[in-house]
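Heads up: the structure comes next, in structure tokens.
The values are calculated or read from the model by the stated rules, or taken from the named source; none is laboratory data. Values in this document were obtained by computation on a predicted structure and should not be read as measured data. Because the Cβ atoms are built from the backbone with ideal geometry, glycine has one as well, and the counts that use them run over all protein chains shown. Heads up: the accessible areas ignore ligands, DNA and RNA and are worked out on the full protein's heavy atoms, side chains in. Shrake-Rupley method; radii C 1.70, N 1.55, O 1.52, S 1.80 Å.
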Amino acid sequence: MATGYLEILRARHALRLLTGTLVGRLPNATAAIALVLFVRAEGGTYSLAGALAAVYGVANAVGQPVLGRLVDLHGQPRVQLPAAVLAALSMAVFAFSGTGRLPLAYVAVAASGLFTPPLEGGLRALWPSVLGREEQVHTAYAMDAIAQEVMFTVGPLLVTLCVSLWDARAALLVLNALGVLGALSVVVSPPSRAWRSAPREAHWLGALRSPGLLVLLGAFLFVGIALGSITVASVSYADGHGGDAVYGWMMAGLGLGALAGGTVYGARRWAGSPERRLRVLVALLAVCYLPLLLTPGAVAMVLLAVVSGVFLAPCIACAFIIVDRHAPGGTVTEAFSWLVTTFTVGASVGTGVAGPVVQAGGTVWGFAVPGAAGAVSLLVLLAAGRVLAAPVRGGVVACSPENDPNRAVEPRFSSGDRA
């Protein structure tokens, strides 16, 4: 199983790009918990901390596709590094000004979220030029999904470590400085400097003019809702079954399941179209959420959390392949950024929906939300099966002033029937 992953990591520049991207994304992955800890250290309320985290999340959701489009137009170094520096400086302004001047705090946090560089989408755009074979790129997508789970597990631990060693302000500054270093490591690499987007049609919708991509985004909005709602329902469950420790174990179990599922999925080559396979994976994801309705004892519940996470990373990895197949020429970074934004918005909506559901119907009804959201995601994919069956495959369009002046062809594979 490890052979395919080791082969990718041995490829020139692959380990550097993966590591740099993960380090560069640390500020984004830890923003919520870092903001909460800092606001509490400043004597602020949880309401203020939640509001600032929400502002950061909304700004980030807006900024990712916008910056992704700029990357497609102007290349990675000219966008990623300046954006990372601006995001870090904005968070530094917030860290030093504190919560005493709320308008400044909101503006600084919003700017930090808005300028967070789209390193995630940028990495996926680079894989075809770094790896030599199509099946390697598909394995890299799975490894990318696995690495995200690791990052979202390790990131909060780094925040708490910085807080324990120094303080909450230092945690904000250190993590954002690391983010700049990670972005710098990526953009000075030869693959990033050499990468150019394909010629693109001048269209205000950009990647969103692809019907297949819109279908995928609609489906993954509900996958995000499922993931966001399960965290709230888990808090409700833990309150009656052991408190924060049980909640922590459940979230760790969810991440462990995703790691295991993504590792197995990416270790083999799958026959058939990824669109058909995604429908199967989303159906299995929805089914695996249903046993959580049983709400058994804590140990059994943690095991069910592991099961519920098994198909999450495979769904994400399969979605990466479909994004590459359906993104119009010259919009690949923007298209991947839209997937990140949609998933993030869905998770926020799921958190907002699950709270009132738990309040009105209890924990069991809270765990019904992820299963229902998974079912709706499957229905979207089934209803739009014909749209997904016709990928764009990066067709070259007529050149326009918006196109890359070098007329470079975006590295990507076109067969699309193997993963």
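The C-beta contact set for the range 162-190 (first residue of a type outside the set (A, V, I, L, M), second residue open to solvent by 50 Å² or more (accessible area, probe 1.4 Å) and modelled with pLDDT under 90, distance under 7 angstrom, 6+ apart or interchain) comprises D167/A41. The residue list L102, L22, L48 contains one member that is closer than 20 Å to V154 by Cβ, at pLDDT below 95 and not polar (S, T, N, Q), which is L22. For the range 8-56, filtered to residues that are in contact with a Leu (Cβ under 8 Å, 6 or more places away or on another chain) and β-branched (V, I, T), the residue that is farthest from S164 (Cα to Cα) is I8. For the range 141-150, the count of residues that are modelled with pLDDT under 80 and touching a Leu at 6+ places or on another chain (Cβ under 6 Å) is at least one. Within the range 220-242, being open to solvent by less than 20 Å² (accessible area, probe 1.4 Å), farther than 25 Å from R279 by Cβ and out of contact with any Leu (no Cβ under 9 Å at 6 or more places or on another chain) holds for one residue alone: A238. Suppose we filter A390, A360, A419, A408 for residues that are modelled with pLDDT of 80 or more and either of a type in the set (G, A, S) or out of contact with any helix residue (DSSP H, G or I) (no Cβ under 7 Å at 6 or more places or on another chain) (or both); which single one remains? Step by step, each of A390, A360, A419, A408 is checked, and only A360 is modelled with pLDDT of 80 or more and either of a type in the set (G, A, S) or out of contact with any helix residue (DSSP H, G or I) (no Cβ under 7 Å at 6 or more places or on another chain) (or both). Would you confirm whether any residue within the range 15-28 is open to solvent by less than 60 Å² (accessible area, probe 1.4 Å), closer than 21 Å to A84 by Cβ and small (G, A, S)? Yes, there is a match, as at least one residue in the range 15-28 is open to solvent by less than 60 Å² (accessible area, probe 1.4 Å), closer than 21 Å to A84 by Cβ and small (G, A, S).
Exactly one residue out of V310, V340, V302, V306 is open to solvent by 20 Å² or more (accessible area, probe 1.4 Å), under 19 Å from G255 (Cα atoms) and in contact with an Asp or Glu (Cβ under 9 Å, 6 or more places away or on another chain), and it is V340. Considering the range 161-219, the residues that are at pLDDT 90 or above and among the hydroxyl-bearing types (S, T, Y) include one that is most open to solvent (accessible area, probe 1.4 Å), namely S185.
Matching residues to (1) open to solvent by less than 20 Å² (accessible area, probe 1.4 Å); (2) touching a Leu at 6+ places or on another chain (Cβ under 6 Å); (3) at positive phi:
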| site | (1), (2), (3) |
| --- | --- |
| G248 | no, no, no |
| M251 | no, no, no |
| A258 | yes, yes, no |
| G261 | yes, no, no |
| G266 | yes, no, no |
| A271 | no, no, no |
| E275 | yes, yes, no |
| V280 | no, no, no |
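Against the conditions (1) modelled with pLDDT of 85 or more; (2) within 19 Å of the chain's Cα centre (by Cα); (3) within 15 Å of I316 (Cβ to Cβ), G266 satisfies every one except (1).
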